[in-house]
Amino acid sequence: MPTYTFVVNGKPVSVEAPADMALLWVLRDKLGVRGPKFGCGIGVCRACTSHLDGVEVQPCVTPVSSCAGKTVTTIEGLASGDELHPVQEAWLEQDVAQCGYCQPGQIMAAVALLNSVGEPSDEDIDRIANVCRCGTYFRIRQAIKSAAAKM
Amino acid sequence: MRRRQFLAFLVAAPVLTVAVPGTAEAVLPTLPQPAEIMDLGDILILAGTPTAGALAVLTVGEDGVVTLELPRAEVGQGITTATAMLVAEELDLPLDRVRVVLADARSELLFNQLTGGSNTIRSAYGPVRSAAAAVRARLVAAAAQEHGVAVERLSTRDGGVVLPDGRFIAYGLLTSAAAQLTGVFSAQPKPASQHRLVGTPQSRIDARAMVTGQFKYTLDHDVPGAMPTVVRRPPTINGTVKSVDSAAARSMPGVLAVGVVPTGVAVVAETFGQAMAARDALKVTWNPGTIDALSDKEIRAKLRAAALPFVVPPLLTQHVDMEFDFAFVSHAPMETNSAIADVRDDRAEIWAGLKSPIVARQTIASVLGLPEAAVTVHVMQGGGSFGRRLFFDAAIEAAQISQALRRPVKLMWSRTDDMRHGRARAASHHKLRATFGLGNVLTFEHRVASVETDFRHGLGEILTATAASLPVGGNLSFAQTVFLTTCKVPYNFGVVTSLLNEVPLRMHTGSWRSVYSANTRGAEEILVDQLAARMGKDPVAFRREHLKSARQRAVLDKAAALGEWGRAMPRGFAQGVAFHDEYKSCTACLVEIDARDPQNPRVVKAVIVVDVGRPVNPRGLEAQMLGGLTDAISTTLRAGLHIDRGLPLEGSYSQFHYARQKDAPLDVRVHVMPASGEPGGAGELGVPAAVGAIANAYARATGVVPRSFPIIFPVDFEPFPR
Ligand code: FES
Ligand code: FES
């Protein structure tokens, strides 16, 4: 089995895995990084959303081989120590989470959006396709706007 | 009301309709309906009364942290935060020093460990406060004894006792002395007028763990030896394994074990990725399932045939008749069905999100052939439920796999299995008839035919135990009892009759947030708009005139004012309004829809007014109403399941169209009415009024009254292979 070396949340890791194994299972089952959640496995619910070299990806459809030499950031790597990312702060301020299961992915998608658009319009926010089965969308929208104002 | 009276009152209907010629303009009062006399929540509270004193287990740690062990399931509805607030209030403790853990299955609680019927706050409000008040009394007594002062001269604040000289003793320093005290400590909870925390908006106590990815759901826990496990399932619901060739699967990397269980073929591997790859490599032949011959068409025909006849003939009176169909709907919580099980020869330990853990424990014990006491069931916080986790199918299945393969397992259902072989809200057909004359509504009849909803998660036992007190009697089925104790028409519409008839089909159904009310009350609210139009009245004014109480009218008035009812809307846009009352709470919803393209509508604005009697955490309550609104947007406009030859076609969120951000309103306002009494139910309250309001707005915007839900429901995808 090949070995892949990359960085996860600031730490270099080496994992032995089949080339086509989805990053999600490498993170969750081999590395114990459990922030990214499984919701569909086919890239449509976006509960697993994380960043690969700063770009939003869905680890459930990202083969581990494509991560070699790159940097993976999951929800656990977003804050610097105890200091939360402004998007996480905004999520707390708006009390967005209900069951919370989709929220790691929602937050990582929002961070990716704000990294590319400083002041997202409603249409920009509408393009975030992450499912929240608890229906927290309006609070997500408010939190993104609040974070944008502060960032 | 006894069944005999209920029947007498039905038979009296046509007589009553002609007995009131002289009362034009005064609405015809409607007799109290069963759900007004005693609703399902009252029944759950009654069943739990003998064990209510044992409900809340509180521990005061030496670090001053108070832990509440709550025998309920948190699945996102905010009950851990709300009950933490009750504890903090009684103990004069900062909220961040209360911890809430979910209790394991506690069989001694009998009927009092079921999370459903929007009943947690209703059933816990008294017992949790009383328990916390008793703890406070004990801590105060300990301080009084240690410092030789009378109890009456002590007060509490900020997590400690204040002595007459102003000295402050933290609870943590008193806990061991308090534990030594003998005697019974009981104390009255604070009167609501002294509440400083309860009734104020608070954020979830677990929010930080959730936004940092630290929060642990079932599959995020490590149980020694419990490896990733998946199940290959049949091509139709309830199919069974005929033969398996697992040679290829067993030789794949990472595969640890393969075995047949009653629900399919289980595969255990080092990672879920490898387990799923091996699952797909299994060659399985299957025996038929239980509804192989059925598709939506046949099911709809059965439902139409099953709707009971009306009592009032449409002769001689003016009337409005309407019929509606509602599709099956997946619960589809974000966290799929999952459980961890470690079964040994003489004991078993289970971890899962469970809303009915005692029944789960009993069932698992019997399936495994172990005594109940040998089975430990841990209740994990769930990633959503919406009724789904009343059932414990993943926990049973994990236990069976662990027993068969003689190893601990961490079982995860795929999304496709969760939608196709999981539970669903039962499809239903609705026939309604209202008659009117001389400006009065004379009769209002509703006949619901529904695919049977499975309540085998302990509710039947609860209804049996409380049978003597039920507001319905005689030979009603459990389902009819649930129907009559949850659904009620909130209006004075003369003679009102609602009847449920069920079509039993051997498939997996279950209560879906608001049980029968989303469809039943949603349909009624559409009829109310049509009735108002026929009688030449404005939808808000008409409802206002016929609502039964001043409290209800205040809620409707507030929604109409905040939502600027009647404001001019551009072509293709419209407002819609509806009202709902359940579990001692009521709500009005006013939405604005953009239906310029009738095939691509969007609810752009919503105003929701809610009166729950006493809001414990208004911020959590608003979240519940927001969730109910999103559920209503989804199920009214686009989200449903198509059944095709024994299996739902939908297999993921790309096919089951639960709302996304682009479908959600840009503006939502939830207004919480001030406290006026005891807490009512809130978890399911938000759905039915929003269903009615959205359908009514759609009808006004497009000129077409929707009759079939979801309104936009094509098979716009290539189904996954079976
Ligand atoms: S689990 Fe990755 S997108 Fe759904
Ligand atoms: S908070 Fe539960 S799925 Fe989004």
Do we have B:R596 as closer than 28 Å to B:H429 by Cβ and out of contact with any Cys (no Cβ under 8 Å at 6 or more places or on another chain) here? no
Residue count for the stretch A:61-84, restricted to those that are more than 12 Å from chain B (Cβ to nearest Cβ), among the β-branched types (V, I, T) and open to solvent by less than 50 Å² (accessible area, probe 1.4 Å): 1
When residues of the stretch A:33-50 are limited to those that are open to solvent by 10 Å² or more (accessible area, probe 1.4 Å) and more than 8 Å from ligand 1 (Cβ to nearest atom), the one farthest from the other protein chains (Cβ to nearest Cβ): A:V33
Selection from the stretch A:113-138 of residues that are in a helix (DSSP H, G or I) and open to solvent by 20 Å² or more (accessible area, probe 1.4 Å): A:L113, A:N115, A:S116, A:D122, A:E123, A:D124, A:D126, A:F138
So how many residues does the stretch B:217-230 have that are without any contact (Cβ under 8 Å) to a residue 24 or more places away in the chain and more than 7 Å from every other protein chain (Cβ to nearest Cβ)? 1
Go through the stretch B:379-437 and give me each residue that's in contact with a strand residue (DSSP E or B) (Cβ under 7 Å, 6 or more places away or on another chain), of a type in the set (S, T, Y) and farther than 29 Å from B:A305 by Cα. B:S402, B:S414
Residues satisfying the stated conditions in the stretch B:445-476, i.e. assigned to a loop (DSSP other than H, G, I, E, B) and open to solvent by 50 Å² or more (accessible area, probe 1.4 Å): B:E452, B:R456, B:G474, B:N475
Check on A:K30, at the interface with chain B (Cβ under 9 Å from one of its Cβ atoms) and more than 23 Å from B:H331 (Cβ to Cβ): yes
A:Q58 fails exactly one of the following numbered conditions: (1) within 16 Å of ligand 1 (Cβ to nearest atom); (2) open to solvent by less than 40 Å² (accessible area, probe 1.4 Å); (3) over 19 Å from A:G135 (Cβ atoms); (4) in contact with a helix residue (DSSP H, G or I) (Cβ under 7 Å, 6 or more places away or on another chain). What is the number of that condition? (4)
Would you mind stating whether B:A178 is modelled with pLDDT under 95, part of a loop (DSSP other than H, G, I, E, B) and in contact with a Lys or Arg (Cβ under 7 Å, 6 or more places away or on another chain)? no
Could you look through the stretch B:256-277, keep only residues that are open to solvent by 30 Å² or more (accessible area, probe 1.4 Å) and away from chain A (no Cβ under 12 Å), and pick out the one that is farthest from A:L23 (Cα to Cα)? B:P262
I need every pair where a residue in the stretch A:98-113 that is closer than 22 Å to B:S338 by Cβ has its Cβ under 9 Å from the Cβ of a residue that is acidic (D, E) and buried (at least 24 other Cβ atoms within 10 Å of the Cβ), sequence separation at least 6 or different chains. A:C99/B:E74; A:C99/B:E335; A:Y101/B:E335
Can you find a residue in the stretch A:4-11 that is hydroxyl-bearing (S, T, Y), more than 16 Å from ligand 1 (Cβ to nearest atom) and in contact (Cβ under 8 Å) with a residue 24 or more places away in the chain? yes
Are any residues in the stretch A:86-113 within 14 Å of ligand 2 (Cβ to nearest atom), more than 7 Å from chain B (Cβ to nearest Cβ) and under 21 Å from B:M625 (Cα atoms), and if so, which ones? A:Q94, A:V96, A:Q106
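The values are calculated or read from the model by the stated rules, or taken from the named source; none is laboratory data. Since we're looking at a predicted model, the values are computed, not measured. All Cβ positions, even for glycine, are placed from backbone atoms using ideal geometry, and neighbour counts span all protein chains on display. Surface areas here come from the heavy atoms of the whole protein model, side chains and all, with no ligands, DNA or RNA. Shrake-Rupley method; radii C 1.70, N 1.55, O 1.52, S 1.80 Å.
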